[in-house]
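Quick notes on the structure that follows.
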Amino acid sequence: MFIAYSDLVRFFPKSQGIRDEIQFYTVSTDASLLQPKGLFIPLFNDSGELKEAIQNGAIGAVWDEKRPLPSYVPTQFPILFSNNVKDSLKTIIESYLEQINGDNIDIMNMTKYLFIEEKLLKESVSSYDKPVFEIVSKPERRG
């Protein structure tokens, strides 16, 4: 089961872009990671640019409503505006885990949550089911 746009939009009263039924295969907090059919959530100042996340496969984003949206964002690109991005990520994870709790689901068809910092994973989601999450090494930036 993949997390769907319709699962998320109820948590974000303000959004823009297409409102079709989209499924997100990955959720990432780092633009430099490959994130096929991904939802990009720039959680940190060094999370990277939305442009890079789109180039790496992001098809939607959660965006801090206090930050200006870059002018290059396609009109149809789904943006879910949040007044607290960290709390939004927590809400998304909890909602997803609630949906899959008890279901006999093929792990190959689950949304993957990609985190760079193992510390973040341990502090933020220590009580969650670890197979849903993937800790990845930060790729070296090309100069």
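The values are calculated or read from the model by the stated rules, or taken from the named source; none is laboratory data. Predicted, not measured: the structure shown is a model, and the values here were computed from it. Note that each Cβ is placed from the backbone with ideal geometry, even for glycine, and that neighbours are counted across all protein chains shown. Heads up: the accessible areas ignore ligands, DNA and RNA and are worked out on the full protein's heavy atoms, side chains in. Shrake-Rupley method; radii C 1.70, N 1.55, O 1.52, S 1.80 Å.
Annotations for the structure displayed:
- Residue satisfying all of: in region 82-120; hydrophobic (A, V, I, L, M, F, W, C) and at pLDDT 85 or above; nearest to Asp46 (Cα to Cα) among these: Val85
- Among the residues of region 43-74, those identified as within 19 Å of Tyr113 (Cβ to Cβ) and at pLDDT below 95 are Leu43, Phe44, Asp46, Ser47, Gly48.
- Each residue in region 75-98 was checked for being free of Cβ contacts under 8 Å to residues at least 24 places away in the same chain and either in contact with a strand residue (DSSP E or B) (Cβ under 6 Å, 6 or more places away or on another chain) or under 16 Å from Leu39 (Cβ atoms) (or both), and 2 of them qualify.
- Matching entry among Asp20, Asp7 (being modelled with pLDDT under 95 and loosely packed, with under 14 Cβ neighbours inside 10 Å): Asp20
- Residue satisfying condition, being open to solvent by 90 Å² or more (accessible area, probe 1.4 Å) and not hydrophobic (A, V, I, L, M, F, W, C), within set Ser88, Ser47, Ser82, Ser71: Ser71
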